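What follows is a set of notes on a single structure, which appears directly below.
The values are calculated or read from the model by the stated rules, or taken from the named source; none is laboratory data. In this text the structure is predicted, and so the values were computed from the model without any measurement. Please note: Cβ atoms are built from the backbone with ideal geometry, for glycine as well, and neighbour counts cover all protein chains shown.
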Amino acid sequence: MAFELEALPYASDALEPHIDKDTMEIHHDRHHQAYVDNLNKAIAGTDAENLSLEDINKHISKYPAAVRNNGGGHFNHKLFWSILGPNAGGEPTGELAEAVKSTFGSFDELKTQLQNAGATRFGSGWAWLVVKADGQLAVTSTPNQDNPLMDVAEVQGTPILGIDVWEHAYYLKYQNKRPAYLEAVFNAINWDAVAQRFQEAK
Ligand SMILES: [Fe+2]
């Protein structure tokens, strides 16, 4: 069965002023759509057509580069839209807040580590908060459209937060100022959605 692009779970201008409407529309309607279309082309007629997106990513070393790039691209963007939202920002609460404190010492330290992971990723890629196999939280980054689910990732785990640091995620509004985008995007993170993923991943 072919993969499909779901509509954004909020209006394309809902993340203004942190992430602008034009960026959201081009990012979702064109870039994400292209990952979905190219993933479907890459798996057409292969066994991967019967697998979930998660299973394809987990066994990505078995597949050609087109599946890695576009299967990663589809998974990563799907996750990205789901952990952003209007009237968001702030800090996590509940069990996730406790886990952040015990792992990183404070929310500010987690934020700093995520921003550093994104800012120092050369070229295109992602910054991640993951739950590792031992249940511990970790910050990592991946190049291109790789992600921590992939069996080729340096740090593997279940991603519960991903921040897209490809230029297409910020260039219209922030131009070359990736750190400014990495500050602004925190005002659009829906920590309740991240906390839900944390519960599911544990
Ligand atoms: Fe992107």
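Has the range 126-145 got at least one residue that is surrounded by fewer than 22 Cβ atoms within 10 Å (Cβ to Cβ), within 14 Å of the ligand (Cβ to nearest atom) and under 14 Å from the mean Cα position of the chain (by Cα)? Within the range 126-145, one or more residues are surrounded by fewer than 22 Cβ atoms within 10 Å (Cβ to Cβ), within 14 Å of the ligand (Cβ to nearest atom) and under 14 Å from the mean Cα position of the chain (by Cα).
Taking the conditions (1) in a strand (DSSP E or B); (2) β-branched (Val, Ile, Thr); (3) more than 30 Å from Asp13 (Cα to Cα) in turn, Val139 satisfies each one other than (3). When residues in the range 155-177 are screened for being out of contact with any strand residue (DSSP E or B) (no Cβ under 7 Å at 6 or more places or on another chain) and part of a loop (DSSP other than H, G, I, E, B), 6 of them pass. When restricted to residues that are more than 16 Å from the ligand (Cβ to nearest atom) and in contact (Cβ under 8 Å) with a residue 40 or more places away in the chain, the range 74-96 contains 11.
So that you can scan it fast, the table gives a plain yes or no per residue for (1) in the same structural domain as Ile160 (by the TED database); (2) more than 16 Å from the ligand (Cβ to nearest atom); (3) at pLDDT below 95:
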site: Ser12; (1), (2), (3): no, no, no
site: Leu15; (1), (2), (3): no, no, no
site: Arg30; (1), (2), (3): no, no, no
site: Glu49; (1), (2), (3): no, yes, no
site: Ser52; (1), (2), (3): no, yes, no
site: His59; (1), (2), (3): no, yes, no
site: Asn69; (1), (2), (3): no, no, no
site: Gly72; (1), (2), (3): no, no, no
site: Lys101; (1), (2), (3): yes, yes, no
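From the list Ala169, Ala188, Ala193, which residue is closer than 23 Å to Asp20 by Cβ, at pLDDT 95 or above, within 14 Å of the chain's Cα centre (by Cα) and more than 16 Å from the ligand (Cβ to nearest atom)? Walk me through how you get there before you give the answer.
Details: Ala169 fails: more than 16 Å from the ligand (Cβ to nearest atom); Ala188 fails: more than 16 Å from the ligand (Cβ to nearest atom).
Going through Ala169, Ala188, Ala193 in turn, just one is closer than 23 Å to Asp20 by Cβ, at pLDDT 95 or above, within 14 Å of the chain's Cα centre (by Cα) and more than 16 Å from the ligand (Cβ to nearest atom): Ala193.
Listed by first and then second residue, the pairs with beta-carbon distance under 7 Å, at least 6 apart or on different chains, first residue in the range 147-164 and crowded, with 22+ Cβ neighbours inside 10 Å, second of a type in the set (Asp, Glu), are Leu149/Glu54.
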